[in-house]
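Reading through the structure tokens given below for one structure.
The values are calculated or read from the model by the stated rules, or taken from the named source; none is laboratory data. Keep in mind the model is a prediction, meaning the values are calculated, not measured. Note: ideal-geometry Cβ built from the backbone for every residue, glycine included; neighbour counts use all protein chains shown.
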Amino acid sequence: MDKPRVHDLVRLTPRAVTRLSRSAPDWAGRSLEAAPWAVVRRARVPGAVAIGVRGESREERFATELRIDEIACVVTPESLLDRDAGRALDAFRALAAVARAGNECGLRLGPTGSVGFELATGMACVSPRSDLDVVVRAHPSEPALRRFAEALRELPARVDVEIAFGEGCGVALEEALRAGPMLVKTPDGPRMHP
């Protein structure tokens, strides 16, 4: 199995759920029992994968790590575009429009955050007030990003877009479109990039 990338969702093996539940906060153990999934986070962990466990609220986030053999499967954000949540919420309607815009601009992208988590796991976690988080796999200098940003202006939900590039680096779409240095998230922390 290839090492998962930042924003990929990983399904944990039962053994990993048991191990993590022993050291995790109670809410994280319950969360893993209900849905044994985590998101790959941005951090360097030699010989392992940095992950984050979601709880029921934004305040409930648990950062930890997994060995590769504790991952049952990997789901990429890009693979979630064809999944139907079966719920008519603004964030899901926005995803359909974002997918069309990405396709028209020739960009590889997919949902992250609560929308990605719900599509991957089937666990209802998107609310009527949820934003849509999206990752676009492109270099920040990609000319199609400007046209893509223009297509996002009239959507039914707020859309936060991260441009993912290099080895685990990411920059907000707005930063990528500005002239001058960008604040880039890296596995070693935020850095200014010329």
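Here are some notes:
- In segment 142-153 there is no residue matching the filter, namely being assigned to a strand (DSSP E or B), among the hydrophobic types (A, V, I, L, M, F, W, C) and surrounded by 18 or more Cβ atoms within 10 Å (Cβ to Cβ).
- Taking the listed residues 69, 2, the one that is acidic (Asp, Glu), out of contact with any Phe, Trp or Tyr (no Cβ under 9 Å at 6 or more places or on another chain), closer than 21 Å to residue 110 by Cβ and not assigned by TED's automatic domain parsing to the domain that holds residue 188 is 2, with no other qualifying.
- Restricting attention to segment 174-194, the residues that are over 19 Å from the mean Cα position of the chain (by Cα) and in a strand (DSSP E or B) add up to 4.
- Every residue from segment 57-77 that is surrounded by fewer than 17 Cβ atoms within 10 Å (Cβ to Cβ) and within 26 Å of residue 129 (Cβ to Cβ): 57, 58, 59, 60, 61, 63
- Where a residue in segment 26-39 is more than 21 Å from residue 112 (Cα to Cα) and its partner, wherever it lies, is among the charged types (D, E, K, R), with Cβ under 7 Å and at least six apart: 27/60
- Exactly one residue out of 43, 72 is among the hydrophobic types (A, V, I, L, M, F, W, C) and over 17 Å from the mean Cα position of the chain (by Cα), and it is 72.
- When residues of segment 154-173 are limited to those that are in contact (Cβ under 8 Å) with a residue 24 or more places away in the chain and more than 23 Å from residue 43 (Cβ to Cβ), the one nearest to the chain's Cα centre (by Cα): 159
- Filtered residue count, segment 82-100, keeping only those that are surrounded by fewer than 20 Cβ atoms within 10 Å (Cβ to Cβ) and hydrophobic (A, V, I, L, M, F, W, C): 5
- Positions within segment 101-122 being surrounded by fewer than 22 Cβ atoms within 10 Å (Cβ to Cβ) and in contact with a helix residue (DSSP H, G or I) (Cβ under 7 Å, 6 or more places away or on another chain), in sequence order: 101, 105, 106, 107, 108
- Search result, residues across segment 146-180 that are among the aliphatic types (A, V, I, L, M), in contact with a strand residue (DSSP E or B) (Cβ under 7 Å, 6 or more places away or on another chain) and modelled with pLDDT of 90 or more: 152, 159, 161, 163, 164, 171, 172, 173, 176
- Looking across 29, 52, 86, one residue alone is closer than 24 Å to residue 129 by Cα and at pLDDT below 95. It is 86.
- Residue 28 vs. criteria buried (at least 19 other Cβ atoms within 10 Å of the Cβ), touching a Phe, Trp or Tyr at 6+ places or on another chain (Cβ under 8 Å), on the phi < 0 side of the Ramachandran plot and not assigned by TED's automatic domain parsing to the domain that holds residue 134: yes
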